[in-house]
Amino acid sequence: MTTQKKPSDAALRRGAARLAAVQATYQLSLTGGRIDDVLSDLISGAIGGEVIAEDPDLETEEVVPLIEMHAELFSVLVRGVDAMKTRLDEVIDASLGTNWDSTRLEPLTRSILRCGLYELLERPTMPARGCISEYVDITRSFFEGAEPGMVNAVLDKLARQIRPEEMEAARRPRPADGA
């Protein structure tokens with residue numbers, strides 16, 4: 001019998017920060033707003049901070065507060081992505097497969113890829129596979145089509161270029177106990 005490990009509060013807070021960073025970078029790309037205003041709105045809870053949970057069986061809706069995000073990580077991600085946006089986009093566009101034309105990449109998908117790539121480049125203490133998994137999960141929360149697979153493929157490809165030793169070590173089979 002295997003037990004599912006429950007994420008710690010700290011891991012949940014980091015996950016919430018990543019989701020909020022994707023939302024903030026998406027908002028900035030659409031509105032061209034001031035970064036400090038977007039950061040302030042999301043950190044203070046003026047935007048976000050809750051979700052409407054629907055129960056289709058009971059046909060009810062309930063406003064549910066979200067877990068408090070890791071504000072420092074959120075700020076680092078948003079500011080870092082904003083500062084490196086042009087470089088991140090160049091790397092993303094060069095890594096897209098022939099089936100994905102960069103001009104048809106949804107702004108939200110681009111925001112997810114920017115945040116994931118930024119972490120792969122600038123946060124080496126975050127394991128690459130964990131980073132990829134986090135952003136694929138975020139993608140699944142917004143898309144049901146091909147986007148989660150595409151985000152997985154692009155971030156995996158980039159991780160193999162950025163952190164080849166780490167990615168290769170993660171692929172090697174572990175020796176059996178007693179070997």
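Each of E144 and R129 was given a label point 7 Å from its Cα along the Cα-to-Cβ line. The distance between the two points is 3.0 nm. Placing a label point 7 Å from the Cα of E72 along the Cα-to-Cβ line, the residues of the stretch 9-44 whose backbone N sits under 19 Å from it are 9-21, 39-40, 43-44.
So, by mean Cβ neighbours within 10 angstrom, what's the order for 126-132, 160-166 with the highest one leading?
Details: 126-132: 17.6, 160-166: 13.3.
Highest mean packing first, the order is 126-132, 160-166.
Tell me, what is the FRET efficiency for L58 and S102 to the nearest 0.05, using R0 = 41 angstrom and their Cβ-Cβ distance as r? After rounding to 0.05, the efficiency reads 0.40.
All of the numbers you see were taken from the coordinates with simple rules; none came from a lab. All values derive from a computational prediction rather than experimental measurement. Reconstructed Cβ throughout: ideal geometry from the backbone, glycine too, with neighbour counts over all protein chains shown.
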